[in-house]
Amino acid sequence: MKTILVIEDEKALLEPLLDLLTAENFEVLGTSDGKTGIELAKTHLPNLIISDIMMPDVDGFDVLRALRSSPATATIPFIFLTAKTDRRDWRQGMELGADDYLTKPFSRSQLLKAISVQLEKQVAIDQQQSQKLDRLRSSIALSLPLELRSPLNNILGYSQLLFDESDALERSEIQGIAKTIHRSAERLYRLTQNFLLYAELELIATNLEQIKALQSSRVSSAASTIEQMAVLVAKRVGREADLQLDLVDASVRIAKVRLEKIVEELIDNAFKYSPAGTPVRVVGVLGCRDVPLSHFYTLSVTDKGRGMTASQIAEVGAYQQFDRKLYEQQGSGLGLTITQRLAHLLGGKLAIESTLGQQTTVKVVLPV
């Protein structure tokens with residue numbers, strides 16, 4: 001049975017709505033104020049929300065804004081009830097993420113049709129997500145064993161060589177073998193850490209208190225943190241000369257270790273998928289498109305690599321690495337998904353702009 005939450009401050013309308021929906025075999029929740037509506041939505045996670053706009057204290061726009069900012073309620077279909085016909089109000093609601101409008105007075109058939117459309121649309125979205133999950137499982141099955149096996153084979157093979165041939169090996173050969181073992185162990189360690197972090201973020205996404213705790217941390221100097229990690233990654237791959245930095249400083253709402261992780265993954269990907277001798281440009285600015293400067297910090301990483309198609313960008317996900325048969329870069333592709341998930345949980349976003357065969361820019365927008 002589908003659950004519908006109705007938020008309407010006019011009891012003369014609220015009670016008939018609840019009765020009508022109950023008669024249509026919906027499980028219904030109802031309240032006459034926006035604050036309680038937000039709490040009910042977060043507690044019960046209804047399949048659809050119907051809300052009046054004009055309410056005292058917390059109006060419909062406030063309700064929608066609060067629910068869209070929470071990962072747990074961000075995708076719940078939302079229908080506004082309004083006596084207002086001003087196009088500016090309609091526009092404001094749609095920009096906040098409303099799915100439909102019903103203008104009072106409305107008929108029973110209009111209401112049920114609007115509900116049916118939104119529930120059917122949600123079913124289609126759920127099916128799409130299920131398909132993505134199936135592709136994720138397939139991608140895990142294909143890529144994770146390889147990512148684990150390759151460094152383990154190096155560690156086992158070269159360590160066995162040391163055992164068997166230590167007396168015959170030159171000092172320089174031993175150093176080379178030890179270096180290979182160390183690099184393979186680092187690769188395995190990073191993969192393990194990424195897997196654990198991804199699992200941790202998925203658990204955090206289901207707990208509002210943990211999301212709040214994640215959002216409460218701050219790094220006082222974003223530019224310094226970004227620069228230090230960018231230089232470290234560039235040195236690690238021997239491309240210090242390719243790194244270009246242009247960073248405005250700001251205090252950003254993210255823990256230092258989380259920002260370091262985002263920077264590491266984005267810049268490591270940029271170097272991995274672009275040829276040596278081409279620039280990797282890292283830019284940090286206050287603000288983002290259509291948002292006041294004081295609200296967000298945008299980190300952009302641009303490389304001159306092979307680029308991505310629109311479908312590849314849309315399919316960014318855990319353990320997804322594109323064109324692996326053609327390009328044998330190491331890595332599971334999990335780092336980009338971790339970055340995307342972190343940004344979303346912090347109230348920001350990740351966007352990718354790419355021209356195939358020319359360049360890719362990955363932008364992470366974080367609240368300040």
Quiz item: For Lys104 and Lys35, what is the calculated FRET efficiency with R₀ set at 22 Å and r taken between the beta-carbons, to the nearest 0.05?
Solution: 0.50
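Between Lys235 and Ser70, what length comes free when the chain is fully extended (0.36 nm per residue of separation minus the Cα-Cα distance, one decimal in nm)? Could the numbers behind the result be given before it?
Numbers: separation 165, 0.36 × 165 = 59.40 nm, distance 3.84 nm.
Extending this stretch completely gives an extra 55.6 nm.
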Self-check item: Rg and Dmax of the chain, Cα atoms only, in Å
Solution: 25.4, 92
Self-check item: Spin-label model distance (nm) - Val117 vs Leu20, 7 Å beyond Cα toward Cβ
Solution: 1.6
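At a Förster radius of 30 Å, what calculated FRET efficiency corresponds to the Cβ-Cβ distance of Gln228 and His295, to the nearest 0.05? Before the final figure, lay out the partial values.
Working: r = 25 Å, r/R0 = 0.84.
With R0 = 30 Å, the Cβ-Cβ based efficiency is 0.75.
I need the calculated FRET efficiency for the pair Glu186 and Asp126, taking r as the beta carbon distance and R₀ as 35 Å, to the nearest 0.05.
Values: r = 40 Å, r/R0 = 1.13.
Once the sixth-power term is evaluated, E becomes 0.30.
So for Leu96, Leu162, fewest C-beta neighbours within 10 Å to most, what's the order? Spell out each step's value before the answer.
Working: Leu96 18, Leu162 14.
So the residues, fewest neighbours to most, are Leu162, Leu96.
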Quiz item: Excluding the sites themselves, what is the longest stretch of the chain that contains no GluC sites (Glu not before Pro) in a DSSP loop with at most 12 other C-beta atoms within 10 Å?
Solution: 1-169
Quiz prompt | Value at 222 nm in deg cm²/dmol, rounded to 500, when DSSP H runs of n ≥ 4 in the chain each add -39,500 (n - 2.57) | solution = -17500 deg cm²/dmol
Practice problem: With everything on Cα atoms, drop me the angle between helix 108-165 and the longest principal axis of the chain, reported from 0 to 90° to the nearest 10. | Solution: 10
Self-check item: Helix 87-96 axis, angle to the chain major axis (alpha carbon atoms, nearest 10°)
Solution: 40
Exercise. Among the listed pairs Lys35/Lys104; Lys42/Lys261; Lys304/Lys363; Lys179/Lys235; Lys304/Lys349, give every one whose C-alpha distance is greater than 19 Å.
Key: Lys35/Lys104; Lys42/Lys261; Lys304/Lys349
Quiz item: If each of Asn207 and Asp57 carries a label point 7 Å out from its Cα toward its Cβ, how far apart are those two points in nm?
Solution: 3.0
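Laboratory data are not the source of any read-out in this text; all were calculated from the coordinates shown. Being a predicted model, the structure only gives us computed values, none of them experimental. Neighbour counts run over all protein chains shown; Cβ positions are idealised from the backbone, glycine included.
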